[in-house]
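A.B. asks: Please find one structure pasted underneath; my questions will follow.
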């Protein structure tokens with residue numbers, strides 16, 4: 001779905017505090033609003049690569065988020081009653097996010 005907003009505070013030591021808000025529409029037509037906050041910690045030797053948008057092996061940095069979902073579609077309301085964490089990988093033009101229910 002179009003729209004969404006994200007912000008980040010990048011510290012000189014490579015730690016980044018992230019906050020994103022966006023909506024997705026699933027193949028079955030369900031709309032889900034997501035607020036996703038987290039941190040990314042990058043070793044000093046890779047900070048400039050990350051800032052320049054270059055790919056950095058995700059095994060060398062820490063990128064985790066905690067999403068909160070809002071949806072009133074009957075098939076996905078359970079997501080509002082569960083806790084999730086994410087592992088993320090920064091790509092040059094996108095972020096790959098893996099969601100885990102805990």
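The values are calculated or read from the model by the stated rules, or taken from the named source; none is laboratory data. Computed from a prediction, not measured in an experiment: that's the story for all the values here. Note: ideal-geometry Cβ built from the backbone for every residue, glycine included; neighbour counts use all protein chains shown.
A.B. asks: Among the residues of the range 36-53, count how many are part of a helix (DSSP H, G or I) and farther than 17 Å from residue 6 by Cβ.
C.D. replies: 6
A.B. asks: Taking interchain pairs and intrachain pairs at least six residues apart, which have beta carbon atoms under 6 angstrom, with the first residue in the range 71-100 and closer than 30 Å to residue 58 by Cα and the second at pLDDT below 95 and assigned to a loop (DSSP other than H, G, I, E, B)?
C.D. replies: 92/53; 92/55
A.B. asks: A further question on this structure: So which residues in the range 54-82 are touching a helix residue (DSSP H, G or I) at 6+ places or on another chain (Cβ under 6 Å) and under 14 Å from residue 96 (Cα atoms), if there are any at all?
C.D. replies: Within the range 54-82, just 56 meets the criteria.
A.B. asks: Does residue 56 satisfy the condition of being surrounded by 14 or more Cβ atoms within 10 Å (Cβ to Cβ), in contact (Cβ under 8 Å) with a residue 12 or more places away in the chain and assigned to a loop (DSSP other than H, G, I, E, B)?
C.D. replies: Yes: the conditions hold for residue 56.
A.B. asks: Let me ask something else about it. Evaluate the following for residue 95: is it part of a strand (DSSP E or B), touching a strand residue (DSSP E or B) at 6+ places or on another chain (Cβ under 6 Å), surrounded by 13 or more Cβ atoms within 10 Å (Cβ to Cβ) and at pLDDT below 95?
C.D. replies: yes
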